[in-house]
Amino acid sequence: MRNVVIIGSGCAGLTAAIYAARANLQPLVIRGLEAGGQLTLTTLVENFPGFPQGVQGPELIELMQKQAAVFGAEFLEGNVTRADLSKRPFTLEMGSDKIETRTLIIASGASAKLLGLESERRLLGHGVSTCATCDGYFFRNKDVAVVGGGDTAAEDALFLTRYANEVTVVHRRGQLRASKIMQDRLFRNGKIRFAWNSAVADILDPGQGEVTGVKLKDVNSGEEKLKPVAAVFVGIGHSPNTDVFRGQVGLNENGYIATHDGSKTNIAGVFAAGDVQDHVYRQAVTAAGSGCMAAMDAEKFLEAEG
């Protein structure tokens, strides 16, 4: 029987592990399929407090995991395949293995939707990004591309105009899906260009280890053309990793776990932290903060039970 099980090993899950371990709750962290979260897909992180020279994303995750282990957190490789939250103790299944826990912290994150190109995978973190606010600063005075036509892509494009020389919005249709106010802002911005009815057929150049351009394909004519850019920001949204909890934990209209009074969910003893419940900020530091909240909420819940 566990006092606390934490699902997810990104900034939220590892911060929760640090706090729960220091409270002598001996937490178990199930690392998940995407162990380390989205920071493992980034290179230099310059906006996490305490690192004036920046820190590599995977290194930051490794340091946080070591810190949690120092205080007694345990780690388990693998992914939860089934969860029964209908009664306590809660039961989690990992294949044929079962784990029982008095409280649960869900920090399973959200996965960025990608285009599915081999070149995209190879250049992720080297000019291909799913986080404009994280990586836009690295492309000052460069030409960049944003893929997508909804509010996510619109917000990314507007943010990137602070740094980039030119931002090209690549969209498969002839008009945007973004809200009217976001569209108006895009059309008024002199740094933004549009590649209508276009899809990214390929990203150059994995051989050089950096983005040098995108190959755009006209979805109507099939014609292809090369657009030189220094970065590609994929802004087609995120999918919260909540499938195993559907029908049990309350979700909001976007599919993210709904929380109230800090990190509490609709199930007493189940808490949520990080990108699995935050579709607004999605930053390492806010994920860490919510992980702290979840651990403290779980500790208070256990104390109240005796």
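The values are calculated or read from the model by the stated rules, or taken from the named source; none is laboratory data. Since the model is a prediction, treat every value here as computed from it, not as a measurement. Methodologically, a virtual Cβ is constructed for each residue, glycine included, from the backbone with ideal geometry; neighbour enumeration extends over all protein chains shown.
Checking SER119 against (1) within 30 Å of VAL232 (Cα to Cα); (2) assigned by TED's automatic domain parsing to the domain that holds LYS264; (3) modelled with pLDDT of 95 or more; (4) over 17 Å from the mean Cα position of the chain (by Cα), which single condition isn't satisfied? Only one criterion is unmet by SER119, namely (2). The combined condition, being aliphatic (A, V, I, L, M) and farther than 21 Å from TYR137 by Cβ, is fulfilled by ALA195.
Please work out if GLU74 is touching a Leu at 6+ places or on another chain (Cβ under 6 Å) and of a type in the set (Asp, Glu). Yes. Each residue in the range 2-21 was checked for being part of a loop (DSSP other than H, G, I, E, B) and either touching a His at 6+ places or on another chain (Cβ under 6 Å) or not polar (S, T, N, Q) (or both), and 2 pass.
Please determine whether any residue of the range 251-273 is touching a helix residue (DSSP H, G or I) at 6+ places or on another chain (Cβ under 8 Å), farther than 27 Å from TYR19 by Cβ and either of a type in the set (Gly, Ala, Ser) or surrounded by 20 or more Cβ atoms within 10 Å (Cβ to Cβ) (or both). No - not one qualifying residue is present in the range 251-273.
Looking across ASN24, ASN79, one residue alone is polar (S, T, N, Q) and either assigned to a strand (DSSP E or B) or modelled with pLDDT under 95 (or both). It is ASN79. From the list VAL276, VAL285, VAL244, the lone residue that is assigned by TED's automatic domain parsing to the domain that holds SER9 and crowded, with 20+ Cβ neighbours inside 10 Å is VAL276.
In summary, PRO49 fulfils each of the numbered conditions (1) farther than 27 Å from ASP97 by Cα; (2) in contact (Cβ under 8 Å) with a residue 40 or more places away in the chain; (3) part of a helix (DSSP H, G or I) with the single exception of condition (3). Among the conditions (1) surrounded by 13 or more Cβ atoms within 10 Å (Cβ to Cβ); (2) more than 18 Å from the chain's Cα centre (by Cα), the only one that VAL234 does not satisfy is (2).
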